[in-house]
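Following: one structure in structure tokens, then a few remarks.
The values are calculated or read from the model by the stated rules, or taken from the named source; none is laboratory data. Just so we're clear, the structure is a prediction, and the values are computed from it rather than from any experiment. Ideal geometry is used to build each Cβ from the backbone, glycine not excepted, and the neighbour counts take in all protein chains shown.
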Amino acid sequence: MPISEFLASLRARVGHDLLVLPSVCACVFDDGGRLLLARHENDVWAPPGGLVEPDEHPADALVREVREEVSLKVEALDVIGVYGGPEFRLLYPNGDQASYVITVYGCAVAGGEIVPDGEEISEARFMSEAEMAGLRLSRWAPVVLPDVFAWWRARQG
């Protein structure tokens, strides 16, 4: 998905300067406790998610982003946490700088099949914690994923 119209209009005014941006992340588990991860265009793996648009409820942004990126319909169950800090700052190849504040949701699949969009996401699949060990994960994964798996385990029993 190309840059949103809203973000493009901001970038037209501020150039590559640092923006603090609200975003969402969908932590979707299968019945075996494996987390859905997507390989992004920069070859980094992370749960699906993205920017919250103006006047959009974060839970609606979550559902939209997952549908756009991997074609799944999801239901937000809980807010696992809200995260920000240096691990959530990115410098894009075009020079744009962003610092994300991410609301991380625990989610359930409500329908559909995993189909990567082919633009932002080249591959997506459910993975165990052990399967993630050899992957190139996002910089923020060590901050967020322990909480995500703790949330899943707490729901199981």
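So, in segment 53-100, of the ones that are assigned to a strand (DSSP E or B) and closer than 20 Å to Ser9 by Cβ, which residue ends up modelled with the lowest pLDDT? Among them, the one singled out is Leu90.
Taking segment 30-49, which residues are at pLDDT below 95 and either assigned to a strand (DSSP E or B) or touching a Cys at 6+ places or on another chain (Cβ under 7 Å) (or both)? Across segment 30-49, the qualifying residue is only His40. For segment 76-86, does any single residue satisfy the condition of being in contact with a strand residue (DSSP E or B) (Cβ under 7 Å, 6 or more places away or on another chain), among the β-branched types (Val, Ile, Thr) and farther than 23 Å from Phe6 by Cα? Yes, segment 76-86 has at least one match. Within segment 36-52, the set of residues being under 21 Å from Glu5 (Cα atoms) and surrounded by 15 or more Cβ atoms within 10 Å (Cβ to Cβ) comprises His40, Pro48, Gly49, Gly50, Leu51, Val52. You will find that of Arg125, Arg139, the residue that is basic (Lys, Arg), under 18 Å from Gly32 (Cβ atoms) and in contact (Cβ under 8 Å) with a residue 12 or more places away in the chain is Arg125 and no other.
Is one or more of the residues making up segment 98-118 in contact with a strand residue (DSSP E or B) (Cβ under 8 Å, 6 or more places away or on another chain) and at positive phi? There is at least one residue in segment 98-118 that is in contact with a strand residue (DSSP E or B) (Cβ under 8 Å, 6 or more places away or on another chain) and at positive phi. Scanning segment 71-122 for residues that are in contact (Cβ under 8 Å) with a residue 60 or more places away in the chain and among the acidic types (Asp, Glu) yields Asp78, Asp96, Asp117, Glu119, Glu120. Scanning segment 54-74 for residues that are surrounded by fewer than 16 Cβ atoms within 10 Å (Cβ to Cβ) and in contact with a helix residue (DSSP H, G or I) (Cβ under 9 Å, 6 or more places away or on another chain) yields Pro54, Glu56, Lys73. Filtering segment 119-157 to residues that are under 16 Å from the mean Cα position of the chain (by Cα), part of a loop (DSSP other than H, G, I, E, B) and of a type in the set (Gly, Ala, Ser) leaves only Ser138.
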